[in-house]
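J.: Quick one: structure below, then a few questions.
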Amino acid sequence: MSTQEGGGGVSQLVTGEAVVLQVRIARMPTRALACAIDMLLQGIVLSVLIALLAGFLFGSEVSEALAGALIFVVVLLVVVGYRVVMETLTRGRTLGKMVLGLKVVRDDGSSIRFRHALVRTLMWFFVDFAPWFAACPGIVASLMNKQGKRIGDMVSGTVVIRERNQPMASPPLFVPGHLVQWAQSLELSRLSDELANAARDYLARFTELLPGPQYALGEALAARVAAVIAPAPPTQVIAPAYLSAVLAERRRRELQRLSTHRPLPTGPFPSTSPYPPAPSPYGPAAPAPAPSYAVPVGPFAPPSPYGALPPAPPPPGLFAPPAPPAQSRPATVNAEGWAAPGSNEAGHWS
């Protein structure tokens with residue numbers, strides 16, 4: 001894993017798949033404020049626990065050594081246990097970091113685990129800000145390191161980043177016209193939420209990625225998605241279009257399921273009448289239209305984030321650019337070249 005420093009506090013993390021991630025590193029003042037919030041909360045909890053423990057010990061005949069040991073254990077659990085538990089359960093966040101929008105990640109950008117949280121906390125307590133070292137090693141290391149790492153971060157292989165940089169908008173999902181029938185026949189039961197969210201995040205950040213990572217990360221995600229769904233696309237298609245079609249069909253099915261499966265009435269008086277409902281004088285109600293993954297065309301159509309693909313075609317394979325397929329009838333295509341199934345020739349909904 002290698003890192004490069006950019007302007008404005010932006011650093012580039014290179015993952016194990018040689019994909020460059022641009023992140024904003026949290027600097028010492030912001031981290032110090034988050035630490036102060038955590039220490040304030042810990043101080044309140046610790047004061048309450050020590051007061052309760054002192055009241056218990058005052059009324060009983062307990063030796064001073066045992067009382068001191070109990071107080072030390074309580075302090076250790078609050079100071080060390082709080083950070084380890086919070087960063088493990090929230091994947092790199094404490095309450096102070098949540099308030100300021102910070103997160104601890106590994107050097108390759110992935111989430112930390114228990115061992116990383118434990119090493120960081122132990123180094124924070126015994127080395128970085130230990131009173132016998134005048135609480136200086138962590139401050140000095142953070143000021144001298146390009147990524148603002150303290151000694152605990154260096155040992156555990158972690159870095160603190162800022163999450164509240166730019167809000168990630170939900171990407172517009174499209175299905176190319178020649179892939180509509182294929183998308184409707186997909187078996188998506190093995191597509192996990194985690195993988196779908198990763199593909200959605202990639203599409204949302206598509207225009208922010210450099211051309212190299214833009215193609216490499218798309219190919220990696222498309223290969224992972226293709227391994228858990230079936231069948232394969234009938235024609236060759238670029239990775240962003242493949243992922244967009246899969247996610248659009250997944251969203252369409254979910255919306256259709258929510259619209260057709262209405263929850264039954266619940267409560268203390270459920271409907272248990274043995275008589276069928278009276279027929280409506282207006283005839284049977286028309287079924288609700290199934291949600292579509294098509295987008296309207298025209299000046300108000302959402303811009304496609306995949307219109308600025310590199311002009312050079314990628315190497316041949318499953319996700320190579322397809323040739324324009326022959327269609328039996330003309331399909332409406334928006335300005336970005338994406339077919340809009342479900343619309344008519346004039347660009348209005350049918």
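The values are calculated or read from the model by the stated rules, or taken from the named source; none is laboratory data. Owing to the predicted nature of the structure, the values given are computational and were not obtained by experimental measurement. All Cβ positions, glycine included, derive from the backbone under ideal geometry; neighbour counts span all protein chains shown. These accessible areas exclude ligands, DNA and RNA; they are computed on the full protein's heavy atoms, side chains included. Shrake-Rupley method; radii C 1.70, N 1.55, O 1.52, S 1.80 Å.
J.: Can you find, within region 87-100, the residue that is surrounded by the fewest Cβ atoms within 10 Å (Cβ to Cβ) among those that are in a helix (DSSP H, G or I) and in contact with a helix residue (DSSP H, G or I) (Cβ under 7 Å, 6 or more places away or on another chain)?
T.: Restricting attention to region 87-100, the residues satisfying the condition of being in a helix (DSSP H, G or I) are 87-89, 95-100.
Next, only the ones that are in contact with a helix residue (DSSP H, G or I) (Cβ under 7 Å, 6 or more places away or on another chain) stay: 87-88, 95-97, 99-100.
On the way: Glu87: 24, Thr88: 17, Leu95: 15, Gly96: 22, Lys97: 25, Val99: 13, Leu100: 15.
Looking at the filtered set, the residue picked out is Val99.
J.: Could you say which residue among Arg200, Arg190 is open to solvent by 70 Å² or more (accessible area, probe 1.4 Å) and at pLDDT 85 or above?
T.: Working: Arg200 fails: open to solvent by 70 Å² or more (accessible area, probe 1.4 Å).
Going through Arg200, Arg190 in turn, just one is open to solvent by 70 Å² or more (accessible area, probe 1.4 Å) and at pLDDT 85 or above: Arg190.
J.: Does Leu13 meet the test of being in a helix (DSSP H, G or I) and either at pLDDT below 90 or out of contact with any Pro (no Cβ under 9 Å at 6 or more places or on another chain) (or both)? Working first, answer last.
T.: Numbers: in a helix (DSSP H, G or I): no; either at pLDDT below 90 or out of contact with any Pro (no Cβ under 9 Å at 6 or more places or on another chain) (or both): yes.
Spelling it out, it is not the case that Leu13 is in a helix (DSSP H, G or I) and either at pLDDT below 90 or out of contact with any Pro (no Cβ under 9 Å at 6 or more places or on another chain) (or both).
J.: Under 6 Å between Cβ atoms, at least 6 apart or on separate chains: pull out the pairs that start in region 97-116 with a residue that is free of Cβ contacts under 8 Å to residues at least 24 places away in the same chain and end on any residue that is open to solvent by 40 Å² or more (accessible area, probe 1.4 Å) and in a helix (DSSP H, G or I).
T.: none
J.: Between a residue in region 40-62 that is part of a helix (DSSP H, G or I) and any residue that is open to solvent by 60 Å² or more (accessible area, probe 1.4 Å) and at pLDDT 90 or above, which pairs come within a Cβ distance under 7 Å, given they are 6 or more apart or on different chains?
T.: Close Cβ pairs (under 7 Å, with a partner that is open to solvent by 60 Å² or more (accessible area, probe 1.4 Å) and at pLDDT 90 or above) amount to Leu41/Leu95.
J.: Of the residues Pro211, Pro231, Pro176, which is out of contact with any Gly (no Cβ under 8 Å at 6 or more places or on another chain) and open to solvent by less than 30 Å² (accessible area, probe 1.4 Å)?
T.: Values: Pro211 fails: open to solvent by less than 30 Å² (accessible area, probe 1.4 Å); Pro231 fails: open to solvent by less than 30 Å² (accessible area, probe 1.4 Å).
Just one listed residue meets the conditions, Pro176.
J.: Shifting gears a bit: Of the residues that sit in region 135-146 and are open to solvent by less than 70 Å² (accessible area, probe 1.4 Å) and in a loop (DSSP other than H, G, I, E, B), which one is modelled with the highest pLDDT?
T.: My answer is Asn145.
J.: Something else now. Considering (1) of a type outside the set (Ser, Thr, Tyr); (2) open to solvent by 50 Å² or more (accessible area, probe 1.4 Å); (3) in contact with a strand residue (DSSP E or B) (Cβ under 9 Å, 6 or more places away or on another chain), say which one Ala65 fails and leave the rest.
T.: Only one criterion in (1) of a type outside the set (Ser, Thr, Tyr); (2) open to solvent by 50 Å² or more (accessible area, probe 1.4 Å); (3) in contact with a strand residue (DSSP E or B) (Cβ under 9 Å, 6 or more places away or on another chain) is unmet by Ala65, namely (3).
J.: Follow-up. Count, please, the residues in region 105-134 that happen to be among the aromatic types (Phe, Trp, Tyr) and not in a helix (DSSP H, G or I). If you could, list the steps in order and put the result at the bottom.
T.: Filtering region 105-134 down to residues among the aromatic types (Phe, Trp, Tyr) leaves 114, 124-126, 129, 132-133.
Still in the running and not in a helix (DSSP H, G or I): 129.
Residues meeting the conditions: 1.
J.: Out of contact with any Gly (no Cβ under 6 Å at 6 or more places or on another chain), of a type in the set (Lys, Arg) and open to solvent by less than 80 Å² (accessible area, probe 1.4 Å): is that true of Lys103 in this structure?
T.: Values: out of contact with any Gly (no Cβ under 6 Å at 6 or more places or on another chain): no; of a type in the set (Lys, Arg): yes; open to solvent by less than 80 Å² (accessible area, probe 1.4 Å): yes.
For Lys103, the condition - out of contact with any Gly (no Cβ under 6 Å at 6 or more places or on another chain), of a type in the set (Lys, Arg) and open to solvent by less than 80 Å² (accessible area, probe 1.4 Å) - is not met.
J.: From the list Arg150, Arg113, Arg162, Arg83, which one is open to solvent by 70 Å² or more (accessible area, probe 1.4 Å), at pLDDT 90 or above and of a type in the set (D, E, K, R)? Before you say what the answer is, go through the steps one by one.
T.: On the way: Arg150 fails: open to solvent by 70 Å² or more (accessible area, probe 1.4 Å); Arg162 fails: at pLDDT 90 or above; Arg83 fails: open to solvent by 70 Å² or more (accessible area, probe 1.4 Å).
Among Arg150, Arg113, Arg162, Arg83, only Arg113 is open to solvent by 70 Å² or more (accessible area, probe 1.4 Å), at pLDDT 90 or above and of a type in the set (D, E, K, R).
J.: Among helices (runs of 4 or more DSSP H) lying entirely in region 172-249, which contain 2 or more residues that are charged (D, E, K, R)?
T.: Working: elements: 180-184, 193-204, 211-226.
Per the criteria, 193-204, 211-226.
J.: Is there a residue in region 38-58 that is within 17 Å of Ser156 (Cβ to Cβ) and either open to solvent by less than 70 Å² (accessible area, probe 1.4 Å) or at pLDDT 90 or above (or both)? Reasoning before the result, please.
T.: Looking only at region 38-58, we keep the residues that are within 17 Å of Ser156 (Cβ to Cβ), and these are none.
For region 38-58, residues within 17 Å of Ser156 (Cβ to Cβ) and either open to solvent by less than 70 Å² (accessible area, probe 1.4 Å) or at pLDDT 90 or above (or both): absent.
J.: What number of residues within region 239-258 satisfy the criterion of being of a type in the set (A, V, I, L, M) and open to solvent by 10 Å² or more (accessible area, probe 1.4 Å)?
T.: As a first pass, look at region 239-258 and keep what is of a type in the set (A, V, I, L, M): 239, 241, 243, 245-248, 255, 258.
Pick out the ones that are also open to solvent by 10 Å² or more (accessible area, probe 1.4 Å) and you get 255, 258.
Total meeting the criteria: 2.
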